[in-house]
Amino acid sequence: GDSVTQMEGPVTLSEEAFLTINCTYTATGYPSLFWYVQYPGEGLQLLLKATKADDKGSNKGFEATYRKETTSFHLEKGSVQVSDSAVYFCALRGRAGGTSYGKLTFGQGTILTVHP
Amino acid sequence: ETGVTQTPRHLVMGMTNKKSLKCEQHLGHNAMYWYKQSAKKPLELMFVYSLEERVENNSVPSRFSPECPNSSHLFLHLHTLQPEDSALYLCASSQEEGDPWETQYFGPGTRLLVL
């Protein structure tokens, strides 16, 4: 079945540092890929997405490129801020119908803490 | 109210209690979901409703009983829970039109503690 593997955290960075959170996936066909972010005490918010190979999703300075050859969707940001401290989830949605209707498969989440 | 709301935000219950979690979406979506978020585990999809009909039930114990009376409301009825059911329960909604990239919008969750 589908699965998503994220780098284990927690990740601790200083403000303005470069961020990479690795994400690799296993899926049949051509899934859509997502990054969600969860700020303390809140639900998940969509950060960015990519729907086909070589697509780059971007939002709020974050970027991720859909790499089919390496089955990866790594999240990057050039200069993190304290306000980026949150839990980041990589997720995929397969294109098969039937029992996978509406199903998002999530990674385990990576906690990011940014210090001033 | 906008987006997806959930009540209550926090709930403490004994193993013999019966309680219900409520979710409401104000986005005009046609599909709603319940997820369970436990510490150090990936989010687990519990139930999916599309056009008020349950389309997926991921082997969830019968002590969890969902209800979707209309496309805007989703309930999760709880009874005789176990301490390991303590978790954050997240509701989400989306507009399903056959495309695999529909965004799911999440509520803030209900933090449940079973004593």
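The values are calculated or read from the model by the stated rules, or taken from the named source; none is laboratory data. Just so it is clear, the model here is predicted, and its values are computed rather than measured. A quick note on method: Cβ atoms are made from the backbone with ideal geometry, for glycine too, and the neighbour counts reach across all protein chains shown.
Among the residues of region A:15-36, write down those that are under 17 Å from residue A:114 (Cβ atoms) and within 14 Å of chain B (Cβ to nearest Cβ).
A:35
Just name the residue that is farthest from the other protein chains (Cβ to nearest Cβ) out of those in region A:45-67 that are among the basic types (Lys, Arg) and surrounded by 14 or more Cβ atoms within 10 Å (Cβ to Cβ).
The residue in question is A:67.
For region B:64-97: of the residues being facing chain A (nearest Cβ under 9 Å) and more than 12 Å from the chain's Cα centre (by Cα), which is nearest to residue B:17 (Cα to Cα)?
So, considering only residues that are facing chain A (nearest Cβ under 9 Å) and more than 12 Å from the chain's Cα centre (by Cα), the one nearest to residue B:17 (Cα to Cα) is B:94.
Filter region B:1-22 for residues that are under 20 Å from residue A:40 (Cα atoms) and buried (at least 17 other Cβ atoms within 10 Å of the Cβ) and give the result.
Of everything in region B:1-22, those that are under 20 Å from residue A:40 (Cα atoms) and buried (at least 17 other Cβ atoms within 10 Å of the Cβ) turn out to be B:4, B:6, B:11.
State all residues of region A:1-14 that are closer than 14 Å to residue A:114 by Cβ, exposed (fewer than 13 other Cβ atoms within 10 Å of the Cβ) and either in contact with a Phe, Trp or Tyr (Cβ under 7 Å, 6 or more places away or on another chain) or of a type in the set (Gly, Ala, Ser) (or both); if no residue qualifies, say none. Spell out the reasoning first.
Within region A:1-14, the subset closer than 14 Å to residue A:114 by Cβ is A:9-14.
From what is left, the residues that are exposed (fewer than 13 other Cβ atoms within 10 Å of the Cβ) are A:10, A:12, A:14.
A:14 - this is the single residue of region A:1-14 that is closer than 14 Å to residue A:114 by Cβ, exposed (fewer than 13 other Cβ atoms within 10 Å of the Cβ) and either in contact with a Phe, Trp or Tyr (Cβ under 7 Å, 6 or more places away or on another chain) or of a type in the set (Gly, Ala, Ser) (or both).
Kindly indicate the residue of region B:1-42 that is polar (S, T, N, Q), within 11 Å of chain A (Cβ to nearest Cβ) and under 13 Å from the mean Cα position of the chain (by Cα) and also nearest to residue A:89 (Cα to Cα) among those meeting that condition.
Among those residues, the one meeting the criterion is B:37.
Kindly indicate which of A:77, A:103 is of a type in the set (D, E, K, R), surrounded by 13 or more Cβ atoms within 10 Å (Cβ to Cβ) and modelled with pLDDT of 95 or more.
A:77
Enumerate the pairs (first residue in region B:43-62 and more than 7 Å from chain A (Cβ to nearest Cβ) and part of a strand (DSSP E or B); second residue anywhere and β-branched (Val, Ile, Thr) and buried (at least 16 other Cβ atoms within 10 Å of the Cβ)) with beta-carbon separation below 6 Å, excluding pairs fewer than 6 apart on the same chain, so at least 6 apart or on different chains.
Taking only residues 6 or more apart or on different chains, the pairs are B:46/B:60.
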